[in-house]
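The values are calculated or read from the model by the stated rules, or taken from the named source; none is laboratory data. Bear in mind the structure is a predicted one, so any value in this text is a computation, not a measurement. Don't worry about glycine lacking a Cβ; one is built from the backbone with ideal geometry, like all the others, and counts go over all protein chains shown.
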Ligand SMILES: Nc1ncnc2c1ncn2[C@@H]1O[C@H](COP(=O)(O)OP(=O)(O)OP(=O)(O)O)[C@@H](O)[C@H]1O
Ligand SMILES: [Mg+2]
């Protein structure tokens with residue numbers, strides 16, 4: 001009897017701890033979401049009522065509109081370029097043994113070590129030097145560098161999970177190297193590549209530190225616009241736009257998870 | 001006399017080195033059209049490497065490979081027209097059964113109608129009619145195996161290459177698939193190279209068996225010949241169970257060969273035509289467990305040896321009995337049924353009879 005009681009106690013302790021961690025992790029987002037529906041002019045928590053007025057303002061505020069579109073443009077190009085370059089790197093590292101392979105891997109991982117601040121600052125100076133200023137090109141280039149390790153890693157893992165016998169089987173059946181790539185390798189890598197792209201998109205959409213340096217008023221992305229806004233205003237619009245960004249990225253995250261999860265299911269299927 | 005047909009595959013002094021490892025050494029072999037040839041040997045002896053060289057996945061370090069009269073040593077694998085079945089099956093997970101089987105035909109730019117007909121026929125041949133639209137993930141191991149087979153045979157390969165295709169299946173299914181493979185081979189008449197390290201499988205399936213060891217051929221022979229007259233000690237001990245007796249000295253007495261083992265045990269065998277052992281030469285005797293029997297009081301056998309029973313291993317159809325035969329070492333007997341267990345209890349002293357007429361006798 002007492003053993004069962006002890007087990008029950010241990011289970012409730014465990015789940016209690018899990019609940020605490022969950023609350024701790026999500027509380028900032030929760031506070032922001034609550035504040036965003038406050039009718040008051042001031043940022044207040046807990047809110048004294050309920051209203052969507054700050055969402056209306058967030059949607060109609062021109063700077064946010066522009067920044068959102070900018071963000072989409074930058075993300076679309078940066079994630080796609082990152083996917084292209086990252087996939088090529090992953091393929092090279094997986095398939096070929098060459099001098100400097102280890103060095104290449106280190107370079108690919110370097111954005112994890114170099115602060116975003118440094119990367120942004122570097123690209124700002126470089127952009128100025130090349131006469132590109134804070135154009136889209138510079139912003140996109142910055143975001144490509146920042147997202148590359150994640151994309152190449154994702155594709156690399158997918159490549160590792162690919163049974164080499166599948167490519168051999170296709171070759172044996174008469175498929176030229178190009179046909180093998182087109183009909184076997186790429187289709188099987190697709191979930192991993194889509195997942196990698198979405199991961200890059202999420203990182204790019206929410207990146208702030210480096211973007212602060214490399215964007216101008218004309219090219220600024222949403223997090224930068226939000227930062228500019230809080231320096232001037234203190235109303236809950238900022239909470240509303242934050243909530244929107246959270247919802248948008250959560251949707252992307254779910255999508256990415258489905259793609260990467262699907263990849264795993266496929267890998268199980270094969271064996 | 002009929003003119004000798006062109007061999008399906010001819011390997012001439014083929015070698016393959018992986019850095020320091022010599023996986024295959026100057027191996028020459030001719031595979032006849034329509035035969036089912038098995039590559040048999042212990043793990044790491046180079047079976048897969050040899051198969052990969054025929055398929056074109058491994059480039060030989062030396063020698064030449066001719067398929068159907070054409071030297072393919074430098075031809076890439078996708079132009080060799082071989083059909084390979086992989087140990088892991090390697091079915092394309094993003095395609096259904098039909099698309100998997102159709103893959104090779106699509107690569108050959110066959111017309112749609114022709115593909116449908118050929119795939120239908122191939123699936124029928126492996127008894128998978130009605131499975132065309134299944135996802136490969138929904139198939140059992142045995143079914144996946146059949147799809148892999150259908151995919152390989154549908155292209156009408158010049159040679160079918162099977163690398164341990166049955167090793168992932170459980171024992172019963174494996175037996176059934178062995179029979180089916182043999183039947184499929186009769187029906188298609190495809191030249192087939194089958195890799196296994198299961199000697200029973202090899203004996204049961206093959207027209208000829210190639211026994212390999214350390215990248216070299218030990219013997220090429222039909223199953224029966226291989227079992228009854230292995231060319232050397234390695235083959236003798238690798239194919240089936242066999243007792244290796246201690247070195248013997250041979251003497252000829254009339255029409256009998258007399259072997260003296262460990263100084264005082266004397267065994268006799270009828271002289272054979274083929275036996276080319278000189279007087280006094282050291283010889284090695286190998287005796288199958290089924291040629292050792294428990295001697296009864298009235299039997300008048302000439303090679304009686306006394307020994308002590310150590311274990312019985314009952315196998316249903318037969319019983320394996322281990323005995324300690326003193327100077328002859330440990331020996332194994334095989335007797336039908338299970339009577340031996342009661343007739344010769346463990347620990348008891350018995351006499352056994354060694355029938356040397358079927359023994360393998362090799363000059364040391
Ligand atoms: N790609 C490779 N690189 C280095 N060594 C290899 C490679 N492939 C095979 N070998 C070596 O060559 C030898 C023969 O290998 P192979 O795979 O042909 O053996 P096998 O007879 O098929 O064995 P198994 O029954 O275990 O499949 C082994 O010693 C193996 O370690
Ligand atoms: Mg092998």
**Test: residue in region A:147-155 that is crowded, with 18+ Cβ neighbours inside 10 Å, at the interface with another protein chain (Cβ under 8 Å from one of its Cβ atoms) and at pLDDT 90 or above** = no
**Message:** I want to confirm something. Restricting to region B:1-47 and keeping residues that are more than 14 Å from chain A (Cβ to nearest Cβ), assigned to a loop (DSSP other than H, G, I, E, B) and within 15 Å of ligand 1 (Cβ to nearest atom), which single residue is surrounded by the most Cβ atoms within 10 Å (Cβ to Cβ)?
**Reply:** B:41
**Prompt:** Filtering region A:161-175 down to residues that are at the interface with another protein chain (Cβ under 7 Å from one of its Cβ atoms) and farther than 17 Å from residue B:147 by Cβ, which residue is surrounded by the most Cβ atoms within 10 Å (Cβ to Cβ)?
**Reply:** A:171
**Selection within region B:107-121 - within 9 Å of chain A (Cβ to nearest Cβ) and either surrounded by 18 or more Cβ atoms within 10 Å (Cβ to Cβ) or more than 21 Å from residue B:190 (Cα to Cα) (or both)** = B:107
**Request:** Taking the residues in region A:184-211 that are under 30 Å from residue B:104 (Cβ atoms), touching a helix residue (DSSP H, G or I) at 6+ places or on another chain (Cβ under 7 Å) and surrounded by fewer than 21 Cβ atoms within 10 Å (Cβ to Cβ) as candidates, determine which candidate is nearest to the other protein chains (Cβ to nearest Cβ).
**Result:** A:185
**Asked** Conditions: (1) within 14 Å of ligand 1 (Cβ to nearest atom); (2) part of a loop (DSSP other than H, G, I, E, B); (3) in contact with a strand residue (DSSP E or B) (Cβ under 8 Å, 6 or more places away or on another chain). Residue B:73 meets all but one. Number of the miss?
**Response** (1)
**Request:** Report the residue count in region B:23-40 for those that are more than 21 Å from residue B:160 (Cα to Cα) and within 16 Å of ligand 2 (Cβ to nearest atom).
**Result:** 1
**Message:** Report every pair of residues separated by at least 6 positions or lying on different chains whose Cβ atoms are under 9 Å apart, first residue within region B:247-262 and at positive phi, second surrounded by 14 or more Cβ atoms within 10 Å (Cβ to Cβ) and in a strand (DSSP E or B).
**Reply:** B:262/B:248
**Prompt:** Could you count how many residues in region B:41-89 are more than 16 Å from ligand 2 (Cβ to nearest atom), touching a helix residue (DSSP H, G or I) at 6+ places or on another chain (Cβ under 8 Å) and within 26 Å of residue B:146 (Cα to Cα)?
**Reply:** 7
**Prompt:** Yes or no: residue A:20 more than 16 Å from residue A:230 (Cα to Cα) and modelled with pLDDT of 90 or more?
**Reply:** yes
**Fill in**
Taking first residues from region B:41-67 that are in contact (Cβ under 8 Å) with a residue 60 or more places away in the chain and second residues anywhere that are within 10 Å of ligand 2 (Cβ to nearest atom) and assigned to a helix (DSSP H, G or I), the pairs with Cβ under 7 Å that are 6 or more apart or on different chains are B:41/B:47
**Message:** List pairs: first residue in region B:181-208 and under 22 Å from residue B:10 (Cβ atoms), second residue within 16 Å of ligand 1 (Cβ to nearest atom) and in a helix (DSSP H, G or I) anywhere in the structure, Cβ distance under 7 angstrom, at least six positions apart or on different chains.
**Reply:** B:193/B:51; B:193/B:54; B:195/B:47; B:195/B:48; B:195/B:51
**Request:** Identify the single condition in (1) within 13 Å of chain A (Cβ to nearest Cβ); (2) part of a loop (DSSP other than H, G, I, E, B); (3) within 16 Å of ligand 1 (Cβ to nearest atom); (4) free of Cβ contacts under 8 Å to residues at least 24 places away in the same chain that residue B:88 does not satisfy, given that it satisfies every other one.
**Result:** (4)
**Message:** Any residue that is surrounded by 23 or more Cβ atoms within 10 Å (Cβ to Cβ), in contact (Cβ under 8 Å) with a residue 40 or more places away in the chain, more than 16 Å from ligand 2 (Cβ to nearest atom) and over 23 Å from residue B:195 (Cβ atoms) - is there at least one of those in region B:129-151?
**Reply:** no
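A quick yes/no check of all residues on (1) surrounded by fewer than 24 Cβ atoms within 10 Å (Cβ to Cβ); (2) closer than 26 Å to residue B:9 by Cα; (3) more than 8 Å from chain A (Cβ to nearest Cβ):
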residue	(1), (2), (3)
B:74	yes, yes, yes
B:78	yes, yes, no
B:92	yes, no, no
B:95	yes, no, yes
B:101	no, yes, yes
B:104	no, yes, no
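Here is a yes/no grid of residues against (1) more than 14 Å from every other protein chain (Cβ to nearest Cβ); (2) under 14 Å from the mean Cα position of the chain (by Cα); (3) away from ligand 2 (no atom under 16 Å from the Cβ):
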| position | (1), (2), (3) |
| --- | --- |
| B:190 | yes, no, yes |
| B:214 | yes, no, no |
| B:225 | yes, yes, yes |
| B:234 | yes, yes, yes |
**Prompt:** Looking at this structure, is residue B:59 within 12 Å of ligand 1 (Cβ to nearest atom), within 14 Å of chain A (Cβ to nearest Cβ) and farther than 21 Å from residue B:226 by Cβ?
**Reply:** yes
**Request:** Just give me the residues in region B:92-121 being touching a helix residue (DSSP H, G or I) at 6+ places or on another chain (Cβ under 9 Å), without any contact (Cβ under 8 Å) to a residue 40 or more places away in the chain and outside any helix (DSSP H, G or I), in sequence order.
**Result:** B:94, B:110
**Message:** Can you pull out every residue in region B:133-144 that is more than 10 Å from chain A (Cβ to nearest Cβ) and in contact with a strand residue (DSSP E or B) (Cβ under 8 Å, 6 or more places away or on another chain)?
**Reply:** B:133, B:134
**Request:** For region B:285-344, please list each of the strands (runs of 3 or more DSSP E) lying entirely inside it that holds at least 1 residues being free of Cβ contacts under 8 Å to residues at least 40 places away in the same chain.
**Result:** B:304-314, B:318-324, B:330-336
